[in-house]
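Step one of this worksheet: look at the structure below.
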Amino acid sequence: MKIVISEFMDDAAVDHLRVAFGAENVRYDAKLVDQPAALAQAVADCDAFIVRNRTQVRGDLLAACAKARVIGRLGVGLDNIDVPACEARGMKVIPATGANALAVAEYVVGTAMMLRRASYQSTSDVASGKWPRNALSNGRETMGAMLGLIGFGSIGQLTAKLARAVGMSVIAYDPALPADHPAWSELAVARVSIDDLITLSDVVSLHVPLVDSTKNMFDAGRISKMKAGAILINTARGGIVDDAAAAAALRSGALGGAAIDVFTNEPLPASTVFDGCPNLVLTPHIAGVTAEANVRVSSMIAAAVIAELKG
Ligand code: NAD
């Protein structure tokens, strides 16, 4: 059995695979993702291929995986994997469902609190002798604010739990989650339409996969219907929010703040789209990536690959 890992994975989990399959049969090279020819060669005789979100498992690379029975995904979104094509070839695609949910949930509640206060980006002004105390004295508290979750699955539900703990009210839009699902009542989250969610929420946070129904979901029209001064947080996927429209709404003051962790093209190419945007946090797709989440995600996928190939 041969295992190929093309992006970073926790060392202990890689060791677990080495013990299970023999060290000589586990090829772990976090830089393989950036070497297409070497990667295609490496996967040619592998039984399991483990990726994060940058390796595009489709087309020629998928065709090169002639023997693979398992694709392990060190994360949750499957938009970098052609799942129907994998399944048609008899491969099982295994995501690390739930293993990085806490990291994303903490990112959302933490940035929501920071952006509502709108005062944590004054370091250079304060250090350089300016004293923007008046300008930064209108921050808003979090307790009692309304959080609207688009998508109420694994991450949405954990985010609701943390948000409730800091006193937020929570509503969510997820038409695929039945109204009698216990999560609604257990977490005291109201099930609403997307239109109601947008007009009622002080903070809107996205937790849906990138699929046809979510592409460009937050376009200029939808953003313009958000509550004045609301905060928009996108940790879901690039392409769900129209970044240029969000940037324009920040510049005009219609939006009170935004945090964007995911982009259509990653790394985000240098551009001027976000120039002059106040109260904006941009992060490089790390909402779900913490030391602890990396351990959980990696050990879950190592165990799943071992179970699949040896079970
Ligand atoms: P999940 O599958 O548990 O939940 C997704 C929910 O979205 C489901 O309940 C589903 O019914 C709902 N949904 C699907 N289409 C919808 C639509 N059109 N409108 C409203 N709801 C819809 O997934 P999850 O673990 O909660 O993760 C959600 C997404 O977060 C992932 O698909 C991934 O893209 C993203 N993510 C990002 C990071 C990061 O580091 N930034 C980390 C983990 C996950």
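Any idea how many residues of segment 31-52 are in contact with a strand residue (DSSP E or B) (Cβ under 8 Å, 6 or more places away or on another chain) and assigned to a loop (DSSP other than H, G, I, E, B)?
3
Conditions (1) of a type in the set (A, V, I, L, M, F, W, C); (2) within 14 Å of the ligand (Cβ to nearest atom); (3) more than 20 Å from ASP10 (Cα to Cα), marked per residue:
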{"site": "ALA40", "(1), (2), (3)": "yes, no, yes"}
{"site": "ASP45", "(1), (2), (3)": "no, no, yes"}
{"site": "ALA68", "(1), (2), (3)": "yes, no, yes"}
{"site": "GLY72", "(1), (2), (3)": "no, no, no"}
{"site": "GLY77", "(1), (2), (3)": "no, yes, no"}
{"site": "ASP82", "(1), (2), (3)": "no, no, yes"}
{"site": "PRO95", "(1), (2), (3)": "no, yes, no"}
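Give the residue that is least open to solvent (accessible area, probe 1.4 Å), with candidates limited to residues of segment 233-291 that are without any contact (Cβ under 8 Å) to a residue 40 or more places away in the chain, more than 14 Å from the ligand (Cβ to nearest atom) and assigned to a strand (DSSP E or B).
Checking each candidate, the answer is LEU255.
Could you please let me know if ASN134 is out of contact with any strand residue (DSSP E or B) (no Cβ under 9 Å at 6 or more places or on another chain) and either near the ligand (Cβ under 10 Å from one of its atoms) or touching a residue at least 12 places away in the same chain (Cβ under 8 Å) (or both)?
Numbers: out of contact with any strand residue (DSSP E or B) (no Cβ under 9 Å at 6 or more places or on another chain): yes; either near the ligand (Cβ under 10 Å from one of its atoms) or touching a residue at least 12 places away in the same chain (Cβ under 8 Å) (or both): no.
Here the answer is no, as ASN134 does not meet what is asked.
In segment 95-110, is there at least one residue being closer than 30 Å to LEU158 by Cα, small (Gly, Ala, Ser) and in contact with a Lys or Arg (Cβ under 6 Å, 6 or more places away or on another chain)? Explain how you work it out, then say what you get.
Going residue by residue through segment 95-110, those that are closer than 30 Å to LEU158 by Cα are 95-110.
Among the residues that remain, those that are also small (Gly, Ala, Ser) are: 96, 98-99, 101, 103, 105, 110.
Within this subset, residues satisfying the condition of being in contact with a Lys or Arg (Cβ under 6 Å, 6 or more places away or on another chain) are 99.
Yes, there is a match, as at least one residue in segment 95-110 is closer than 30 Å to LEU158 by Cα, small (Gly, Ala, Ser) and in contact with a Lys or Arg (Cβ under 6 Å, 6 or more places away or on another chain).
Looking at segment 100-116, I want the residues that are within 18 Å of ASP10 (Cα to Cα) and in a helix (DSSP H, G or I) and have a partner that is within 14 Å of the ligand (Cβ to nearest atom) and at pLDDT below 95 with Cβ atoms under 9 Å, at least 6 apart or on another chain. Which pairs are those?
Once the first residue is within 18 Å of ASP10 (Cα to Cα) and in a helix (DSSP H, G or I) and sits in segment 100-116, its partners that are within 14 Å of the ligand (Cβ to nearest atom) and at pLDDT below 95 give ALA101/VAL76.
Can you find a residue in segment 146-166 that is open to solvent by less than 40 Å² (accessible area, probe 1.4 Å) and basic (Lys, Arg)?
no
Consider VAL93 carefully, then state whether it is open to solvent by less than 60 Å² (accessible area, probe 1.4 Å) and free of Cβ contacts under 8 Å to residues at least 60 places away in the same chain.
Values: open to solvent by less than 60 Å² (accessible area, probe 1.4 Å): yes; free of Cβ contacts under 8 Å to residues at least 60 places away in the same chain: yes.
Criteria met by VAL93.
So which residues in segment 105-117 are within 18 Å of GLY257 (Cβ to Cβ) and either within 16 Å of the ligand (Cβ to nearest atom) or open to solvent by less than 40 Å² (accessible area, probe 1.4 Å) (or both), if there are any at all? Spell out how you get there, then give the answer.
Start the filter on segment 105-117 by keeping residues that are within 18 Å of GLY257 (Cβ to Cβ), which leaves 106-117.
Residues satisfying the conditions are GLU106, TYR107, VAL108, VAL109, GLY110, THR111, ALA112, LEU115, ARG116.
Collect the residues in segment 26-62 that are open to solvent by less than 70 Å² (accessible area, probe 1.4 Å), free of Cβ contacts under 8 Å to residues at least 24 places away in the same chain and over 27 Å from THR97 (Cβ atoms), keeping them in residue-number order.
Once the filter is applied, which keeps residues that are open to solvent by less than 70 Å² (accessible area, probe 1.4 Å), free of Cβ contacts under 8 Å to residues at least 24 places away in the same chain and over 27 Å from THR97 (Cβ atoms), segment 26-62 yields ALA38, ALA44.
The values are calculated or read from the model by the stated rules, or taken from the named source; none is laboratory data. Since the model is a prediction, treat every value here as computed from it, not as a measurement. Cβ: placed from backbone, ideal geometry, glycine included. Neighbour counts: every protein chain shown. Accessible surface areas use protein heavy atoms only, side chains included; no ligands, DNA or RNA. Shrake-Rupley method; radii C 1.70, N 1.55, O 1.52, S 1.80 Å.
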